[in-house]
Every structure is written in C-alpha cells, then in structure tokens.
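Student: Below you'll find the structure I mean.
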Amino acid sequence: MRCHQRLLVVSGSWDEEELACFESQGDELSFDEHLLERISILEEVVKRTTGTVRQMLGTIQHLEQKLLVNHTGITSLRDVLAAKGAVGREEWSERWEAQLEEQLLGLERRERFAGARTAVVSLFGGEDRKPFLFLLDEAEYALVSCDVERAMTALESAYALDSENHELAFLIGETWFNEGDAERARGFFDQVLVGKPQHYEALVYSGVLAHELGETESATTRLEQAVERFPKAFLPHFSLGAVYAGSGRLEEAIALLEHASALEPLPQANYLLGCCLYQLGRTTQAIRRLEAAVAADPAFEEAFHVLGFACLDRAWNRKAHEAFRRALRLAPSRLRFEELRELLDEQASSESADLENEGRADGDTASWLARARRALAGGRTRNALSCYRQALAREPDNPAVLVSYAMVCLELERPREIRAVVDKVLDLAAEERLRTTACTTLIEALRSEGDHREGIRVGRRLLAEGTSDFTRTLANYELAWSLAELGEDLDEALACALGALDAAPDELRRLPLAALGWVHYKRREFAQAVDCLSRSTELLPSPSNLTRLGMALLASGERDEARDVLRQARRLDVRTAPLRDRVVECLKDSTRLLHHSSDEPQ
C-alpha cells in the first residue's frame, strides 16, 4: 500500500470474480508513482556501484605503485649484479623468461585443479573424508611449487581412497595426457568410462590414446560412440577422421573431416583433409584445403610439404618450389639438427652414463638421468626435460647433464634457455667434445631465432679454440650453414664447407658434403649442388638431405627425379605429429571444442 507496486501471487486457479476484483484495483494504481519508485531503486544501485568502482580504482592504483617500486628494485639488483660481473643482462632475461614460462604452466595446472576440486569433493563416496581432503591439499601445494610428480602421487593416493570418483579419475588422466604419458592417462580414462560410459572427454581422449598405442579397433569403437553421442562436436569427428585416415579408410575419413572442418575450420582439420584428398588423387581439392591450412597457420611445415607434392603433380613447378622453400625456412635448425642428433646425443648420453657408472653422480641424480633417458626413448620429450631439471637441481655443475638438457630444449624449440646452459658448460672447462656439442647446440638455437650473426661469432670462436678434427669439422660445418643462410658472403661459406670436408673423419663426411651442396644451391650452381647432396645421401639417406637434394633437382628442372627424391624423404621422415599432439594443438587453437549444445544428451 505504501509503494503502490502491483503484487501478483499466482497459486492454483483463479475464478472470474477474483480476477475481476484484481483488475479493478489495478486501474486505481498510479503508473507515474510506480515509475518513480523504480527510478529511485536504480539510483541507489548506481550509487553503490559507483562507490565500489571508486574503491577498486584506488586499490588498482595502489597496486600499480607497488609493482613499479618492486620492478625498480629488481632492475636495480640486476644492474648491480651485471656491474659486478655476477650475471649478464641477457642471462638474467633468459632465466626470467624460463621461470615465467614454468610458472604460467604451473598456474594453468592449478587453475584446472581448482576448477575440478569442488566436483571431486562433492562426489566423495569413501569411508574416511579427512585423509582424502588432506591428499587433495598436498596435491594443490605441490602444484603451487610446480612439482608435478608429487602432485600426481598425492592425487593417485586420493583416488585409491575413492576409486569410484570419476571426476578425480578424469582429472588425473587429463593431467597425464597433457604431460605426454599415454599409458597412465589411458588407464584413468578407462576407469572414468567404467562408471560413466558416455563421458564425452573420456571417450575422445581414450580413443586418441588407444590409437597412439596401436589399438586401432578400440580407438575406432570409442570415437564412434563419441560421434554418435555428440554429433555437433568438433573433436570426435576430427579424431575419428584421423584414425580412419591412418587406417586407409579415406572416404569415411573425408566425410568426417569435412564435417569437422564445417564445425570448426582449424588448420589441423584442413591439413588432414587435404592429405586424404591428395592420396585419392583429388589434387585440386587437396590444394585448396592445404592452402586454407597454411593461410590459417603460416608456420604449418607439414602442410607446406604436402602442398608442394600436390603442386608437383599438377606440374606447377614454381609453386611447388615455393612451398618446399617455405617448409625448409620454417624449421631449418630442426632439419639440420637431425643429422647431428644421433652423434651428439650418443656423446652426451655416454658421458652422463659414465657419471653414473663411476659414482660421480649420487643415487638420486642417477635415478633422474635414467628416467630422462627412458622418457626420451619413449618419445616423452617434455617428461625428459623435467627429469633433467631435477638432476640439475641436485648437480648443477654436471657438464654432461647440462648438454643433454640443452639438446632437449632445442628439440622442444626452447632456444632462450640454451645460452645460459652453454655458457656454464664453457665456464666449467668441460672435455672438448662436450664443449663442441654445447656450442653446436647453441648455434642451432641461434639460427632457429634468425640470429645468424651471433651463430657465426660462436662458430668462429669454436673453430679458433678447437684442436681436434671433430671440432674443426663441426665448427666449419656450422659456419658454412650460417653464412649460407645469411647470404652475404657465399665465398666464405664455400671455403668453410670445403674446410669441413677436408677435416672430416669418415663418420662425419656426410655433414660437410650436405653443407657444401647447400652452399652451391645458394650460389645457384645447381649441378654441383645435386652432385654433393647426392653423395651425402649415399652415405646416409636422411630426410633433411633428401629434401635438399629434391629442392636442387627441382631448381635444375628435373621434376620427375625431384618428386621421387622428395617422396623418399617423406617416407623416411618420422617427425609427423601423433594424433595426441594434434588434439592438444586443436584444444589450444579453440576454446569451443569441448563444448556441446545443451540439447544434446549429457
């Protein structure tokens, strides 16, 4: 009666007499008074909101001042340390960035854990809740300190107390999936599906991992269930299409990948679709899809390779040459490093093994080194990096472990961490082969960032200080590559390549021959380039050597020979990303992939 606002209570049924009474009373209410009351309420809300915003602005300004003071103090500390020669500016920045990257990754894990914790706790059905919560707290503290191994041990212990908690099982499986441990992740996803047979993410992830582990039938069954259950989701169609493509069921793969691309036109879907179309001889359609993939992701090296083959089949030599050239430019260090990796990795591994055998590494360090080598053998490079970090935390002055760590960083394309490691190896006055390995790794990292001049400086220093044929060969080899890529002094590049060839022992002779052939290619001396690269591939037909030979043949107009050589390189190339990595790439490229409409069955 005071505010004159309509009060409507709907309960049960109304008879005509009551409704007529309500309508007659409503006509007497003043609409103007009602509107004024509403405006007064909104004014009060705006006033409170304004006060809250003003308070938040003051807090933000205060925090900004504190951040400025802290940044100034840290910068001053860096300048003092640099002036005293304790640490260089560049080393400071590289370590800062490395730590920041690690912390951001840890923050991502903690946020995922925090988002899932409520659901995990709500589903607890065990006997004793207190130790369960204690283990969850321990896992959270471990994630804060970026100790993934300890966090996963705590989570798995918590799961042992509540083995029917499908949310906890999925959280553990997802974490192992992201860490690259397929076997352990698969086990937990299977546990999820025991209690929740239609769990969307578990169906997709377990199907992907089954495919990676070679269980094609199981992968197909799981992914077909996901596609049937969630017909409007990208990820099941993409994953099943990839499995069909790998099994030779190309027509079915094309239908699924076209549907996936229509749902979410990601470059990975267009790439796989282009590959299937190319294998079926639909070259024009394949080129269109592959061009869409590289347009969306200009750093998609594999798509450029297949695009080059498709253009060759259409006799578009210039376009094919451009596609292969761009593919080579995208990851030159990785291609060349493959030629050195076996030799250098053997050197570093033997040194670290010697440390264990001779007792120069304590038991804990030796255990981490053994785990790192097992991870590398299983293709879990990120796990290997974590293991080497644990080993270095215990023996930071171990030159062999430092070199192995640097090589893994190069494999994972983390060049900024390598310089500090190499500088430390050089300061420790390690054995010459280890110093050479470290400097070679640094040069490759610098070249991957486009810093050819610094790579040349490091190569010249290595050449000046080297005393063995091993060092002189690799130093001249790296100088020849860097000078050829820079393109300013191809005469010096030619001299370095010839110097590497003169000093090379038999087991290294293929390397300077490849460098000499590429220098001739850069000098547009295609006949000499084909000769040198052919001799190099006869010694070791690596994918990188064959790719460069195909480029030289294509540039000299020998299209048919170039196609055969490039196809041979493609067959030998084992760098193609597994389906698990492609799924992770898709998840990073889009935040909508794990979402499905609310009208679909849950």
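Student: For residues that are without any contact (Cβ under 8 Å) to a residue 60 or more places away in the chain and either part of a loop (DSSP other than H, G, I, E, B) or surrounded by 20 or more Cβ atoms within 10 Å (Cβ to Cβ) (or both), tally how many sit in segment 514-531.
Tutor: 12
Student: Do we find a residue being without any contact (Cβ under 8 Å) to a residue 60 or more places away in the chain, in a loop (DSSP other than H, G, I, E, B) and in the same structural domain as F170 (by TED's automatic domain parsing) anywhere in segment 215-236?
Tutor: There is at least one residue in segment 215-236 that is without any contact (Cβ under 8 Å) to a residue 60 or more places away in the chain, in a loop (DSSP other than H, G, I, E, B) and in the same structural domain as F170 (by TED's automatic domain parsing).
Results for (1) within 23 Å of the chain's Cα centre (by Cα); (2) modelled with pLDDT of 80 or more; (3) over 30 Å from L463 (Cα atoms); (4) surrounded by fewer than 19 Cβ atoms within 10 Å (Cβ to Cβ), shown as yes or no for each residue.
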| residue | (1), (2), (3), (4) |
| --- | --- |
| E358 | no, no, yes, yes |
| L376 | yes, no, yes, no |
| R382 | yes, no, yes, yes |
| C387 | yes, yes, yes, no |
| L402 | yes, yes, no, no |
| R414 | yes, no, no, yes |
| V421 | yes, yes, no, no |
| E432 | no, yes, no, yes |
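Student: Under 28 Å from D181 (Cα atoms), part of a helix (DSSP H, G or I), of a type in the set (S, T, Y) and at pLDDT 80 or above: is that true of S367 in this structure?
Tutor: yes
Student: Quick check on this structure: which one of A83, A116 is more than 26 Å from Y405 (Cβ to Cβ) and touching a residue at least 40 places away in the same chain (Cβ under 8 Å)?
Tutor: A116
Student: May I pose another question? Only one of G246, G274, G281 is within 23 Å of the chain's Cα centre (by Cα) and either aromatic (F, W, Y) or at pLDDT 85 or above (or both); which?
Tutor: G274
Student: Right, something else. Within segment 512-531, can one find any residue that is closer than 15 Å to T440 by Cβ and of a type in the set (S, T, N, Q)?
Tutor: No, that holds for no residue.
Student: With the requirement that a residue be closer than 23 Å to A119 by Cβ and in a loop (DSSP other than H, G, I, E, B), what does segment 182-214 give you?
Tutor: K196, P197, Q198, H199, listed by residue number.
Student: Looking at (1) buried (at least 16 other Cβ atoms within 10 Å of the Cβ); (2) of a type outside the set (D, E); (3) in a helix (DSSP H, G or I), which is the one condition that is false for R461?
Tutor: (1)
Student: Then there's this: If I go through segment 135-147 residue by residue, how many of them are surrounded by 15 or more Cβ atoms within 10 Å (Cβ to Cβ) and over 25 Å from the mean Cα position of the chain (by Cα)?
Tutor: Looking only at that region, the number is 3.
Student: List pairs: first residue in segment 496-513 and crowded, with 24+ Cβ neighbours inside 10 Å and outside any helix (DSSP H, G or I), second residue at pLDDT below 90 and among the basic types (K, R) anywhere in the structure, Cβ distance under 7 angstrom, at least six positions apart or on different chains.
Tutor: Final answer for the pair search is none.
Student: OK, next. Would segment 95-103 turn up any residue that is loosely packed, with under 11 Cβ neighbours inside 10 Å, within 29 Å of W176 (Cβ to Cβ) and either in the same structural domain as Y405 (by TED's automatic domain parsing) or not small (G, A, S) (or both)?
Tutor: yes
Student: Considering each of G73, G106, G51 in turn, give the residue that is farther than 26 Å from R419 by Cα and in a helix (DSSP H, G or I).
Tutor: The match here is G51.
Student: From L434, L428, L410, which residue is free of Cβ contacts under 8 Å to residues at least 40 places away in the same chain and at negative phi?
Tutor: L428
Student: Assuming D397 fulfils every condition listed in (1) modelled with pLDDT of 75 or more; (2) part of a helix (DSSP H, G or I) apart from one, which condition is it?
Tutor: Status for D397: all satisfied but (2).
Student: Moving on to the next point. Quick check: anything in segment 109-120 polar (S, T, N, Q), over 25 Å from F189 (Cα atoms) and either surrounded by fewer than 16 Cβ atoms within 10 Å (Cβ to Cβ) or at pLDDT 85 or above (or both)?
Tutor: So far as segment 109-120 goes, no, none of its residues is polar (S, T, N, Q), over 25 Å from F189 (Cα atoms) and either surrounded by fewer than 16 Cβ atoms within 10 Å (Cβ to Cβ) or at pLDDT 85 or above (or both).
Quick grid of which residues meet (1) closer than 23 Å to E212 by Cα; (2) polar (S, T, N, Q):
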{"site": "F132", "(1), (2)": "no, no"}
{"site": "D137", "(1), (2)": "no, no"}
{"site": "T153", "(1), (2)": "no, yes"}
{"site": "A158", "(1), (2)": "no, no"}
{"site": "E164", "(1), (2)": "no, no"}
{"site": "L168", "(1), (2)": "no, no"}
{"site": "E174", "(1), (2)": "yes, no"}
{"site": "D181", "(1), (2)": "yes, no"}
{"site": "R186", "(1), (2)": "yes, no"}
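Student: Which one of R548, R567 is in a helix (DSSP H, G or I), within 32 Å of the chain's Cα centre (by Cα) and farther than 27 Å from T471 by Cβ?
Tutor: When all the criteria are applied, what remains is R567.
Student: If you don't mind, there's one more thing I want to ask. Which residue is nearest to L107 (Cα to Cα), if the candidates are limited to segment 118-164 and must be part of a loop (DSSP other than H, G, I, E, B) and of a type in the set (D, E, K, R)?
Tutor: Checked segment 118-164; the qualifying residue nearest to L107 (Cα to Cα) is D147.
The values are calculated or read from the model by the stated rules, or taken from the named source; none is laboratory data. These numbers were taken from a predicted model, which means no experiment stands behind them. No Cβ is skipped: glycine too gets one built from the backbone with ideal geometry, and neighbour counts run over all protein chains shown.
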